[in-house]
Amino acid sequence: MSDGRALLVVGGGPAGMAAARAASAAGLRVTLVDESNRLGGQYFRGRQDSREPGSPHAFAAAATGVRVLLGTVVVDAPRAGALTVWNQASDHVEEIAHDRLVLATGAYDRPVAIPGWTLPGVVTAGGASTLAKAHGVAPGKRLLVAGSGPFLLSVADDLSAKGCMVEIIEASPWRASASGLGVIAMDAEIARQTAGYLARLATRRVRRRYGTMVTAIHGTDRVEAATVEQVDRDWRPISGTARMISVDGVCLGYGFVPQLELAQAIGCALERDDVSANYFVRVDAGMRTSTSEVYAAGEITGLGGKRVALAQGEGAGLTAALDAGALDRANYDVRIAPVIARLRQVDRVADWIRRAFVPRDGLWSCATPETTLCRCEDITHRAAEAGLAGNPPTPYAVKTATRAGMGLCQGRICSPILTEWLRVRHGYQPPSEERPWRIRPPLRPVPLGAWPAHKANP
Amino acid sequence: MTTAPQVEDGALTLDGKRVAVRPGDTIAAALLRQGIVALRHSRTGEARGVFCGIGICNECLVTVNGRPNVRACVTPAEAGAVVATGRASP
């Protein structure tokens, strides 16, 4: 009965919208699902009306044939050709059948465990940016934006625009930023954007400190102060440089972690990048994953940012149309060529960021024995250490001994920390082709009453 | 005349206290505008609040109209909603 042309796209950010739009234009029947109630992903949060390329505004105008299901959370991949979703508004769980699938599930801020990171007022940089852009609020009035990479400029821009006093604490040395001047100068869009950030930050007296790190956050029921230290090239604190700064909020931005849970549930091959301490979905030049009829685009393939996501999404949509027989090879070649050229162009800046701002091993040594590792279950590093006794140092050993990673977030926050902490402190070798932790369905917490079995037998 | 507690338009109550909401607000945004950052206590009694801000970490769980474990950072703030803090995660 199926003609092979039903495409399901998971994720309504830049990559997912681009994939849906390209595939729909090429003749596939496309359904796009996203957890949020608005399209745009994290990048366009609070800016849905932006006229930037790839925005929800542009998508709404161009992709009129796409069925869009918002507030819809994928909770399982029960078999090939079907996903189980939970619609939050109707509180109903159902299956969506498809012939092909594009994964564009994005990324979230890399969590890091430093003393005091569980205090109210400590938020991720991306979370702070969303709060400022979409709602005009901030976690405090005097803020540190701490971490590494050009994203800190964007977050400090968003927060200082709301009247917050902001200081940027960049762990990488100034020369890491300076090393990008060449690629930035050759990229008009990024050059203009960067100049804008720097001009506004200067006007608002936002100071930037390089080669420094927030190594502890203090307070009782909320953030009251932070310790800032100079760090060496491995991000290890230089003794005698610590000073205490009085702040009421800290925004942590040490890069991102791809949302791989659905790709893992489907069984797509992953690969570890030791340099960035991350796992990515392995794709071919046409954005095909190792699983047939499943494609991937955007942050989950390599954290390239919005412009890379747009090109990859378009590529994934076109390849899905080719594989479904909706596009012939000659037509595909004509349409994919400019996409590949654009990808090559925008990937220069992305590649610089990937190499220049990688997390260094000192980051995983900030935690003291008392520092919380798993926030859901309140497991400290000391408890994790004790759980290792007599066992080889693996995330699994800590999980079974302590329940770390078995709370509501299912290890999304602590597992990336635990993996790198074990590597740096205990010589653990993370596997190269699969993440050393898994998430069981439901991939997100779903109220019991939403499942059909419970509706049928109230 | 009803004796039920009256909630003005454009406000939710947090533990009985009135908190103004703006169109498009999430619960977390409405509370942060008033400087409220602590939303619950963890298993061992530590104060916790919004961390990831995008619905992943489940640190900002509150009870809304009697329904527990609602993520404040991604849940729209509706006028008249009765929000309670202080619950530990299940």
> Which condition number in (1) within 14 Å of another protein chain (Cβ to nearest Cβ); (2) in contact with a Pro (Cβ under 7 Å, 6 or more places away or on another chain); (3) closer than 13 Å to A:ALA113 by Cα is the one that A:HIS381 fails?
Replying inline: (1)
> Here are some conditions: (1) touching a residue at least 24 places away in the same chain (Cβ under 8 Å); (2) in a strand (DSSP E or B). A:GLU229 meets all but one. Which one does it not meet?
Replying inline: (1)
> Taking region B:25-38 as the search range and keeping residues that are part of a loop (DSSP other than H, G, I, E, B) and at the interface with chain A (Cβ under 7 Å from one of its Cβ atoms), which one is farthest from A:ARG47 (Cα to Cα)?
Replying inline: B:ALA38
> Restricting attention to region A:274-302, which residues are touching a residue at least 40 places away in the same chain (Cβ under 8 Å), within 30 Å of A:VAL112 (Cα to Cα), surrounded by fewer than 24 Cβ atoms within 10 Å (Cβ to Cβ) and out of contact with any Pro (no Cβ under 9 Å at 6 or more places or on another chain)?
Replying inline: A:VAL275
> Got at least one residue in region A:425-445 being in contact with a strand residue (DSSP E or B) (Cβ under 9 Å, 6 or more places away or on another chain), within 23 Å of B:VAL70 (Cβ to Cβ) and within 11 Å of another protein chain (Cβ to nearest Cβ)?
Replying inline: yes
> If you take the residues in region A:132-154 that are at pLDDT 95 or above, touching a Gly at 6+ places or on another chain (Cβ under 6 Å) and within 13 Å of chain B (Cβ to nearest Cβ), which one is farthest from B:ALA72 (Cα to Cα)?
Replying inline: A:LEU143
> Where residues in region A:353-367 are surrounded by 20 or more Cβ atoms within 10 Å (Cβ to Cβ) and in contact with a helix residue (DSSP H, G or I) (Cβ under 7 Å, 6 or more places away or on another chain), which of them is nearest to A:HIS426 (Cα to Cα)?
Replying inline: A:TRP364
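Residues are listed down the side, and each one gets a yes or a no for (1) farther than 26 Å from A:VAL446 by Cβ; (2) surrounded by 22 or more Cβ atoms within 10 Å (Cβ to Cβ); (3) more than 18 Å from the chain's Cα centre (by Cα); (4) within 14 Å of chain B (Cβ to nearest Cβ):
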| position | (1), (2), (3), (4) |
| --- | --- |
| A:SER24 | yes, yes, yes, no |
| A:VAL30 | no, yes, yes, no |
| A:SER36 | no, no, no, yes |
| A:PRO53 | yes, no, yes, no |
| A:ALA58 | yes, no, yes, no |
| A:THR64 | yes, no, yes, no |
>> Cβ contacts < 7 Å: first residue within 11 Å of chain B (Cβ to nearest Cβ) and within 22 Å of A:VAL358 (Cβ to Cβ), restricted to region A:97-111; second residue acidic (Asp, Glu) and not in a loop (DSSP other than H, G, I, E, B), any location; separation 6+ or different chain. Result?
In response: A:GLY106/A:GLU299; A:ALA107/A:GLU299
>> Whether any residue in region A:105-112 is under 21 Å from the mean Cα position of the chain (by Cα), assigned to a strand (DSSP E or B) and not aromatic (Phe, Trp, Tyr) is what I want to check.
In response: yes
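The values are calculated or read from the model by the stated rules, or taken from the named source; none is laboratory data. Being a predicted model, the structure only gives us computed values, none of them experimental. Glycine gets a Cβ as well: all are built from the backbone with ideal geometry, and neighbour counts include every protein chain shown.
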